[in-house]
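Have a look at the structure below before the remarks.
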Amino acid sequence: MALPLAPVAAPIITTVLRYGTVALAGYAIARSVEKGRRDQRAEDALDEVPEGLTARRETEQVNATHRFRRVIRLGSTGPAIEIDATTLTRIRFRKV
C-alpha cells in the first residue's frame, strides 16, 4: 500500500522555495555591492567628532553630528566590547 506524500511534501516544497528565493536575492545583492575603500581623511574626521549631538544651521543647509561611544563588559571580569557609532549628516534645502 502506497503512502500519500503530497500532504507532507507541500509544506517542505513551499519552505524550500521561500528560502531559496531569499538566498538567491541575497546572493544577487551581494554580487552587486562594490568593495568599499578606506579614506583616511574621513576616518580622521570621524575620530574628531565630539560625543553627543551637535547641530549647526547655515543659510541653505543644516549640518549635524552624533557620536555614541560605550564599553559593554560581559560580567565583572569578562571580555569588553567598545561600540563607537558616529554619524555626519547634511540636509540641504534649495529652491529649484
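Listed here are the residues, each with its yes/no results for (1) in contact with a helix residue (DSSP H, G or I) (Cβ under 6 Å, 6 or more places away or on another chain); (2) more than 14 Å from Thr87 (Cβ to Cβ); (3) of a type in the set (Ser, Thr, Tyr).
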site	(1), (2), (3)
Arg18	no, yes, no
Asp39	no, yes, no
Val62	no, no, no
Thr65	no, no, yes
Arg70	no, yes, no
Out of Val16, Val62, which single residue is surrounded by 10 or more Cβ atoms within 10 Å (Cβ to Cβ), of a type outside the set (Ser, Thr, Tyr) and touching a Lys or Arg at 6+ places or on another chain (Cβ under 8 Å)? Val62
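No lab work stands behind these numbers, since they all come straight from the coordinates. Because the structure is a prediction, the values reported are computed rather than measured. When we count neighbours, we look across all protein chains shown, and the Cβ atoms used for this are built from the backbone with ideal geometry, even at glycine.
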